[in-house]
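Structure first, commentary second.
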Amino acid sequence: MTDHATDVALFRYSLVRALIDESLSKAERGRAVRALAEASHVGPGGFEVRVARPTLDRWVRALRSGGFEALKPEARHANPRTPQETLALAERLRRERPERTAAHICELITTVSGWAPDERTIQRHFVRVGLSRRETRPKVAFGRFEAEQPNELWTGDALHGPVIGGRKTYLFAFIDDHSRAFTGYGWGYAEDTVRLEAALRQGIERRGVPRGCYLDNGSAMVSRQLLRALAVLGTKLTHSAPGRPEGRGKIERAFGTVRGQFLVEVDPATVTTLEELNSRFSAWVESVYHRRVHSETNEAPIERFLSAGPPAIPPPELLREAFLWSEQRTVAKTGTVNLFGNRYEVDPALVGRRIELVFDPFDLGHVDVRFEGRAMGEAVAHVTRRHSHPRAVEDPAPPSEPSGIDYLGLVTARHHDALEQRIAYVCLPEGEVAEDVVTTWPSSWDLATDRPIGDETIAEEGR
């Protein structure tokens with residue numbers, strides 16, 4: 001505090017020291033003060049400040065009367081309005097139960113004494129005395145973890161991307177913890193389960209089935225459909241604890257590389273479709289990111305991933321079964337079930353039973369019925385109002401290339417050509433049209449006779 005006061009005094013002295021010169025006339029001193037008031041100065045904190053003329057006059061009087069020490073600001077002595085015994089009670093309550101929040105402590109103090117300070121007052125006091133929840137939280141040391149072999153653990157997350165085609169894009173990606181290789185990835189226009197499963201399925205088709213998957217607690221990551229897919233594949237799903245993102249450091253580091261090396265080069269004026277964005281990202285991942293030596297492993301990600309040999313790809317039947325969606329329904333007395341506005345007929349023996357309906361989210365026309373894990377045939381659609389799951393919305397296809405055909409322009413040109421050939425006087429027999437005939441187009445045409453109105457008059461004048 002003393003050093004700060006000295007810095008302030010030096011700043012003030014540097015401005016007014018020339019104003020106390022006795023050789024200056026009153027007019028000269030006034031001009032100098034006005035010039036200082038109109039200019040900007042660099043203050044003690046390094047910021048530009050402006051000083052009003054009355055303030056400069058006050059500093060001049062202080063320097064003349066008290067010298068340099070009089071230019072130092074006075075120390076503030078604020079008297080707290082909150083009684084010390086109330087703050088001491090709040091400290092005891094926090095030390096007794098560190099998990100108590102400031103709001104709850106205020107409520108306890110109100111119950112005991114009938115009055116309590118504001119919650120922010122208690123929070124600021126806890127910070128001053130070292131009792132904030134961040135400081136009282138037990139310190140946890142996180143060791144460095146790395147999977148011992150490829151496909152032991154995949155970490156998945158979503159990255160917010162640029163605006164392409166007028167809509168914001170999102171990248172769902174999975175990386176292999178052992179090699180840091182991107183296993184599955186894909187850009188989409190929504191941050192939902194459909195795009196997450198699309199990226200996961202692409203990765204499994206190319207890199208095999210992971211033994212474990214580590215995700216956060218986003219809505220797409222905790223969906224029941226994703227849990228079913230991983231259960232069918234035999235993959236263990238683990239979610240990070242809320243507010244503890246330390247375990248996803250590897251994929252966050254990979255996303256930092258994506259931002260700094262790929263997204264920085266994406267020009268929305270050039271990349272106008274989602275298909276182009278995915279194509280360019282795939283080329284960058286496979287030819288640049290996967291081939292470059294990683295700073296942690298000292299190996300190229302794809303080489304480290306393939307060091308244990310080519311991965312085992314699951315059969316198509318298992319992969320299709322894993323990414324089917326399912327819903328539970330109770331069969332009505334009529335032997336039917338409702339599914340998203342559609343009505344299906346099932347085996348009458350299942351009346352009153354709780355059954356599982358398994359289907360492709362993009363095709364509600366084929367729904368398989370299962371009871372206690374056994375297949376019970378296919379549901380027969382009676383009323384079909386939807387052909388896909390409400391959440392199964394595909395990204396819009398890129399606009400097709402224009403054909404360059406101007407249909408209306410062609411029709412108009414053909415129409416004018418036909419009108420020009422209506423009166424071909426040059427084709428009439430010689431001698432029937434005089435030289436002085438006027439071959440101007442009539443103002444109107446009779447559609448019933450396909451002749452211009454008044455053409456008899458034109459012919460008579462021309463003979």
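The values are calculated or read from the model by the stated rules, or taken from the named source; none is laboratory data. These numbers come from a predicted model, not from an experiment. Here the Cβ positions follow ideal geometry from the backbone for every residue, glycine too, while neighbour counts run over all protein chains shown.
Here P316 clears all of (1) crowded, with 18+ Cβ neighbours inside 10 Å; (2) out of contact with any strand residue (DSSP E or B) (no Cβ under 9 Å at 6 or more places or on another chain); (3) farther than 16 Å from H178 by Cβ except the condition numbered (1). Within region 334-361, which residues are free of Cβ contacts under 8 Å to residues at least 40 places away in the same chain and hydroxyl-bearing (S, T, Y)? Result: T334, Y344. Before we move on, is G66 closer than 25 Å to D3 by Cβ and touching a Phe, Trp or Tyr at 6+ places or on another chain (Cβ under 7 Å)? No, not satisfied. Among the residues of region 154-212, those identified as outside any loop (DSSP other than H, G, I, E, B), among the small types (G, A, S) and in contact (Cβ under 8 Å) with a residue 40 or more places away in the chain are G156, A158, G161, A173, G186, G188, A199, G203, G212.
For every residue, the table says whether it meets (1) surrounded by 10 or more Cβ atoms within 10 Å (Cβ to Cβ); (2) at pLDDT below 90; (3) within 48 Å of the chain's Cα centre (by Cα).
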site	(1), (2), (3)
H41	yes, yes, yes
G45	yes, yes, yes
T55	yes, no, no
A62	yes, no, no
F68	yes, yes, no
R81	no, yes, yes
E91	yes, no, yes
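Hey, any hits in region 301-308 for a residue that's surrounded by 14 or more Cβ atoms within 10 Å (Cβ to Cβ), of a type in the set (K, R) and not assigned by TED's automatic domain parsing to the domain that holds I251? No, there is no match, as no residue in region 301-308 is surrounded by 14 or more Cβ atoms within 10 Å (Cβ to Cβ), of a type in the set (K, R) and not assigned by TED's automatic domain parsing to the domain that holds I251. Filtering L24, L56 for residues that are among the hydrophobic types (A, V, I, L, M, F, W, C) and in a helix (DSSP H, G or I) leaves a single hit, L56. Taking the conditions exactly as written (of a type in the set (K, R) and closer than 15 Å to R207 by Cβ), does R304 satisfy them or not? So R304 passes the test.
Could you say whether any residue in region 176-192 is in contact with a Cys (Cβ under 9 Å, 6 or more places away or on another chain) and surrounded by 22 or more Cβ atoms within 10 Å (Cβ to Cβ)?
Of all residues in region 176-192, those in contact with a Cys (Cβ under 9 Å, 6 or more places away or on another chain) come to none.
Checked against the condition, which is being in contact with a Cys (Cβ under 9 Å, 6 or more places away or on another chain) and surrounded by 22 or more Cβ atoms within 10 Å (Cβ to Cβ), region 176-192 yields no hits at all.
The sole residue among D267, D216 that is of a type in the set (D, E) and free of Cβ contacts under 8 Å to residues at least 12 places away in the same chain is D267.
Given the structure, is D3 assigned to a helix (DSSP H, G or I), modelled with pLDDT under 90 and surrounded by 12 or more Cβ atoms within 10 Å (Cβ to Cβ)?
Details: assigned to a helix (DSSP H, G or I): yes; modelled with pLDDT under 90: yes; surrounded by 12 or more Cβ atoms within 10 Å (Cβ to Cβ): no.
Here the answer is no, as D3 does not meet what is asked.
Screening E74 with (1) among the charged types (D, E, K, R); (2) in a loop (DSSP other than H, G, I, E, B); (3) surrounded by 11 or more Cβ atoms within 10 Å (Cβ to Cβ) gives one miss only, at (3). Evaluation of S219 against the conditions (1) assigned to a loop (DSSP other than H, G, I, E, B); (2) of a type in the set (S, T, Y); (3) not assigned by TED's automatic domain parsing to the domain that holds T235 shows that the sole unmet condition is (3). Please find, within region 190-209, the residue that is farthest from N151 (Cα to Cα) out of those that are hydrophobic (A, V, I, L, M, F, W, C) and touching a Leu at 6+ places or on another chain (Cβ under 9 Å). Only one residue fits best here, namely L196.
Every condition in (1) in contact with a strand residue (DSSP E or B) (Cβ under 6 Å, 6 or more places away or on another chain); (2) closer than 27 Å to Y289 by Cα holds for G256 except the one numbered (1).
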